[in-house]
1. For the chain, what is the calculated [θ] at 222 nm in deg cm²/dmol (nearest 500), taking -39500 (n - 2.57) for each run of four or more DSSP H residues and dividing by its residue count?
2. Using θ = phi - 60° and the Karplus form 6.51 cos²θ - 1.76 cosθ + 1.60, what ³J(HN,Hα) does each residue of the stretch 38-52 get, whole Hz, x for Gly and Pro?
3. Arranged by the count of other C-beta atoms within 10 angstrom, fewest first, what order do Leu149, Leu101 take?
4. Relative to the present Cα-Cα distance, how much length would full extension add between Thr40 and Asn224 at 0.36 nm per residue of separation?
5. To the nearest 0.05, what FRET efficiency results for Asn136 and Asp62 with a Förster distance of 35 Å applied to their C-beta separation?
6. Please work out the FRET efficiency for the pair Arg250 and His114, using the Cβ-Cβ distance as r and a Förster radius of 22 Å; give the result to the nearest 0.05.
7. Run down the lysines and flag those whose C-alpha is under 18 Å from the C-alpha of Lys139, throwing out any fewer than 8 positions away in its chain.
8. Work out, step by step, the length gained on full extension between Thr50 and Glu234: first 0.36 nm times the residue separation, then minus their alpha carbon distance; give nm to one decimal.
Amino acid sequence: MSLQHQSFTKRISTASMAICFSLFAGLIHANVQAEDFTNTLGMAFKTIPTGTFKMGSPASSDLAYTNEFPLHQVTITSFPMGTTEVTLGQYKRYIIETNQLDIVTNAFMSANAHGDDAPVVHVSWNDIHGFIDWLNKTKPEDDKGTYRLPSEAEWEYACRAGKDTPYCGGTTPSQVAWHSSISTSQQHKVAGKAANDFGLFDMSGNALEWVEDCYHENYEGAPNDGSAWTKECEQNNYVLRGGSWKDNYRKVRITIRKNAPSVNRSASAGFRLVRQM
């Protein structure tokens, strides 16, 4: 076991719980802003309005991959979405309170060595659902929402924010996304780039974002009501959206789709939540 791993494990021992919570307190209060809603972990949520949009890429696109077709219409019902990806500092609360030492591997430590305000990465789809279950069970009584991953359609609708731009928030990738040309081979503090018109940050780049849907090789037969597509899946693979710090400009576009097994942990993959009311 490395000295770095031993250090973090020691911090989350029962004897150091109080110290850890006092360290996290500053982070939590610092993140409370004038958002639509901010929960006890400091996660801020913006309400995404109801609307209809065209999901996917047009067949005429030179940059698109075949899994981005066909372009199809989807109607979305309003929902609150996290303004940023879940940060390492927020995810640490889950690790500490549930004693999830199996998550704290050398690979996790190496992938998450960029500060508590950076998006947590090296978490699988399964890991995320453990975090969501914990959050829903431990949230205070006055938090009436239920937390979950967004559907793929909700994610793309929120990313587009009513615009037909190639990236989530604009036409120039470096203004809205940490990507391979500027990232220095790591994720960066959330909200370091411009937000889109819904007030959401890092929808393009920084960390890939798991969604609820299992993977299909194209959009033939996809739901048109914004719900997660969970039938007739490609094995046990799930969808990741938005591209990451290690991807080039083509792979941080709005419509880019990746997939991985539900147990896969990657140094480029994290998540953001929605809050079902």
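Just so it is clear, none of the values below were taken in a lab; they were calculated from the coordinates. Remember, it's a predicted structure, so these values are computed and weren't measured experimentally. Neighbour counts run over all protein chains shown; Cβ positions are idealised from the backbone, glycine included.
1. Values: 7 runs with 67 residues, N = 277.
Taking each H run of at least 4 residues, the total per residue is -7000 deg cm²/dmol.
2. Calculated HN-Hα couplings, in order: 10, 8, 5, 8, x, 7, 8, 10, 10, 7, 8, x, 4, x, 10 Hz.
3. Numbers: Leu149 23, Leu101 12.
The order, fewest Cβ neighbours first, is Leu101, Leu149.
4. Numbers: separation 184, 0.36 × 184 = 66.24 nm, distance 3.37 nm.
That pair, Thr40 and Asn224, stretches by 62.9 nm at full extension.
5. Details: r = 43 Å, r/R0 = 1.23.
With a Förster radius of 35 Å, E is 0.20.
6. Details: r = 24 Å, r/R0 = 1.11.
Calculated value: 0.35.
7. Lys92
8. Working: separation 184, 0.36 × 184 = 66.24 nm, distance 2.98 nm.
So the chain would gain 63.3 nm between Thr50 and Glu234.
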